[in-house]
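Below is one structure; the comments refer to it alone.
The values are calculated or read from the model by the stated rules, or taken from the named source; none is laboratory data. These figures come from a predicted structure and were not determined experimentally. Here the Cβ is made from the backbone with ideal geometry for all residues, glycine too, and neighbour counts use every protein chain on show. In case anyone asks, the SASA skips ligands and DNA or RNA and just uses the protein heavy atoms, side chains included. Shrake-Rupley method; radii C 1.70, N 1.55, O 1.52, S 1.80 Å.
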Amino acid sequence: MKFFIDTANMDDIKKAYKMGVLNGVTTNPSLVAKEGVKFEDRIEEILLAVPDVESVSAEVTPDAITAEQMMAEADELIKINNGDKRVTIKVPMTEAGLETTRYLAKKGVKVNVTLIFTVNQALLAARAGASYVSPFLGRLDDISEDGVLLVSKIAELFRIHNIDSQIIAASVRHPDHVTRVAMAGADIATIPFKVIQQLTKHPLTDQGIEKFAADWTKAVK
Ligand code: G3P
């Protein structure tokens, strides 16, 4: 399973990239709104900061409701950074989103269909030509459903039918989500930076470092 970072914050993106584990970045209207910057400028800044990742998701705005509106926005977004092929258009799982997915896929543009909450939605998105489908596990857990189970069902379905759309486990809230979606067969987890940092931690690692340091100091003295 690969790691994407789920943020539009440049400091967090740069720190995660330096850790050497990043394969992509996902943003959404809520994440970009938090940053108070112009959307297209931020996507370009991200593309420049993470030169060798496979994908940077740029979502159509909530103002785009019809397929025509989504396609028009997408056609502008794919021009960013001189038509950078890593720009992945993120569309919501609606009929208009599916139509937009087909339109973009035919042009060779990568699409990430977001706000997936059922296996059927994932299958539809894949058949429309999505490169990525994004089930939101945390939000399912919030309503007492099993987000990880959804990821594992989608992974099984894609395996049975030889579907090569990649599953991005999204709405990841804590390290145990990461372990469980990796075991469930997600291709990618998109994770907030705080959770990426949590993944690096274990109290015994800290204790081990302290003990090595103490023993080293004693020996040197
Ligand atoms: O990747 C989707 C994510 O941004 C939503 O996460 O925590 O708002 O459900 P959350």
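For residue 32, indicate whether it is under 19 Å from residue 104 (Cβ atoms) and within 15 Å of the ligand (Cβ to nearest atom). Taking the combined requirement at face value, the residue does not satisfy it.
Within the stretch 164-185, the set of residues being surrounded by 18 or more Cβ atoms within 10 Å (Cβ to Cβ) and on the phi > 0 side of the Ramachandran plot comprises 171 only. Note on the stretch 95-114: residues that are farther than 17 Å from residue 56 by Cα and either of a type in the set (Lys, Arg) or within 16 Å of the ligand (Cβ to nearest atom) (or both) total 4. Taking the criterion of being polar (S, T, N, Q) and in contact with a helix residue (DSSP H, G or I) (Cβ under 7 Å, 6 or more places away or on another chain), the residues of the stretch 148-205 that qualify are 152, 165, 171, 198. In the set (1) open to solvent by 40 Å² or more (accessible area, probe 1.4 Å); (2) in a helix (DSSP H, G or I), the condition left unmet by residue 201 is number (2).
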